[in-house]
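Q: So that we are looking at the same thing, I have put the structure below in structure tokens.
What follows draws every value from the coordinates through simple rules; no lab data is involved. Since the model is a prediction, treat every value here as computed from it, not as a measurement. As a convention, Cβ positions derive from the backbone with ideal geometry for all residues, glycine included, and neighbour counts pool all protein chains shown.
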Amino acid sequence: MASRSFFKNLKNRDLASLLLVEFTRSSKPIKHISSTSSPFVECNSFKTASCFRQYHDGRPRGPLWKGKKLIGKEALFVISGFKRFNDDEDKLHKFIKTHVLRLLKMDMIAVLTELERQEQVSLALMMFKVMQKQDWYKPDAYLYKDLIIALARAKKMDEVLQLWESMREENLFPDSQTYTEVIRGFLNYGSPADAMNIYEDMKNSPDPPEELPFRILLKGLLPHPLLRNKVKQDFEEIFPDSSIYDPPQEIFGAR
């Protein structure tokens, strides 16, 4: 009688009917009732959380959620503070002293990586300079690589040059991908002379060169035939089994 009076007071009679059926099937109490219209799932163990939640709880799914879980609360707070005080230099420097310098090594690296991912390249460069002053800092080509590529893609070529000089002072050589992106960046920036300087640096690298940066440079130097011929001769010597497509002479600007 008590159960009947209970169900009569429920506004949703369909839900009451469903609960009554489940109640009569088993003498065990129902362990979870969803407020949505999703079907009920009966579980005998509390270890399987998926049995009790048959609805979307609002949290993002996939790599984005997993990636944020890997970043500590302090690092997330610093990223937010960087962006909040980005337009106020005094507040930003004060924030760095009071919060950024307190971060552990892995949190600082996490902040740098996340700022690069969000294309906040100026803030990422600032974070990198803070890291360079820490006692635990050691020259690392891969830290330079990600930041240089992010700056080059954002067309911050002046900052790329500064970072490149700093990297070379630490006796670090980038990989082929870094050379490719920086050469491409200077060509898109309208500075073939700087692209050639990076090219000369690439030839002095202890690692063997790859074809891609050569081909990027050969394509970008079409309006500069003298520079292109020099790169072409080097390419043919280093990669004798590879061929180069030469467009019609008019494209070079010659008449």
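Q: Taking the Cβ of each residue in Asp90, Asp246 as the centre, tally the other Cβ atoms inside 10 Å and list the residues starting with the fewest.
A: Details: Asp90 8, Asp246 12.
Starting with the residue having the fewest Cβ neighbours, the order is Asp90, Asp246.
Q: Here's a follow-up. For region 138-255, just the Cα set please: Rg and Dmax, both in angstrom.
A: 14.7, 54
Q: Further, regarding this structure: Can you give the Rg/Rh ratio of region 62-131, where Rg is from the C-alpha atoms and Rh is the Kirkwood radius?
A: Reported Rg/Rh, Kirkwood definition of Rh: 0.95.
Q: Give the residue list of chymotrypsin sites (Phe, Trp or Tyr not before Pro) in region 82-185 that are DSSP loop and have at most 12 other beta-carbon atoms within 10 angstrom. Walk me through the numbers on the way to the answer.
A: Values: sites: Phe82, Phe85, Phe95, Phe128, Trp136, Tyr137, Tyr142, Tyr144, Trp164, Tyr179; in loops: Phe85, Trp136, Tyr137.
Loop-located and lightly packed - Trp136.
Q: Apply the Karplus parameterisation 6.51 cos²θ - 1.76 cosθ + 1.60, with θ equal to phi minus 60°, to every residue of region 71-76 and state each ³J(HN,Hα) to the nearest whole Hz, in sequence, with x for glycine and proline.
A: For region 71-76, the Karplus curve yields 8, x, 5, 5, 5, 4 Hz.
Q: Please turn the phi angles of region 173-185 into ³J(HN,Hα) values with the Karplus equation 6.51 cos²θ - 1.76 cosθ + 1.60 (θ = phi - 60°), one per residue in order, whole Hz, x for glycine and proline.
A: 10, x, 8, 5, 4, 5, 4, 4, 5, 6, 4, 4, x
Q: For Glu165 and Asp90 in one chain, what is 0.36 nm times their gap in residues minus the Cα-Cα distance, to one decimal in nm? All intermediate terms of the calculation are to be shown ahead of the outcome.
A: Values: separation 75, 0.36 × 75 = 27.00 nm, distance 2.77 nm.
24.2 nm is the gain from fully extending Glu165 to Asp90.
Q: Working out 0.36 nm times the residue gap between Tyr142 and Lys83, then minus their Cα-Cα distance, what length gain in nm do you get to one decimal? The partial results should precede the final answer.
A: Working: separation 59, 0.36 × 59 = 21.24 nm, distance 2.44 nm.
Using 0.36 nm per residue and subtracting the Cα-Cα distance, I get 18.8 nm.
Q: Additional query: Quote to one decimal, in nm, the extra length available between Leu172 and Lys129 on full extension: 0.36 nm per residue of separation minus the C-alpha distance between them.
A: Between Leu172 and Lys129, full extension yields 13.8 nm more.
Q: Another question about this same structure. Calculate the spin-label point distance for Thr98 paired with Gln233, positioning each point 7 Å from the Cα along the beta-carbon direction, and give it in nanometres.
A: In this crude label model, Gln233 to Thr98 measures out at 6.2 nm.
Q: Apply the Karplus parameterisation 6.51 cos²θ - 1.76 cosθ + 1.60, with θ equal to phi minus 60°, to every residue of region 231-241 and state each ³J(HN,Hα) to the nearest whole Hz, in sequence, with x for glycine and proline.
A: Those phi angles translate into 5, 5, 4, 4, 4, 5, 6, 7, 10, x, 8 Hz.
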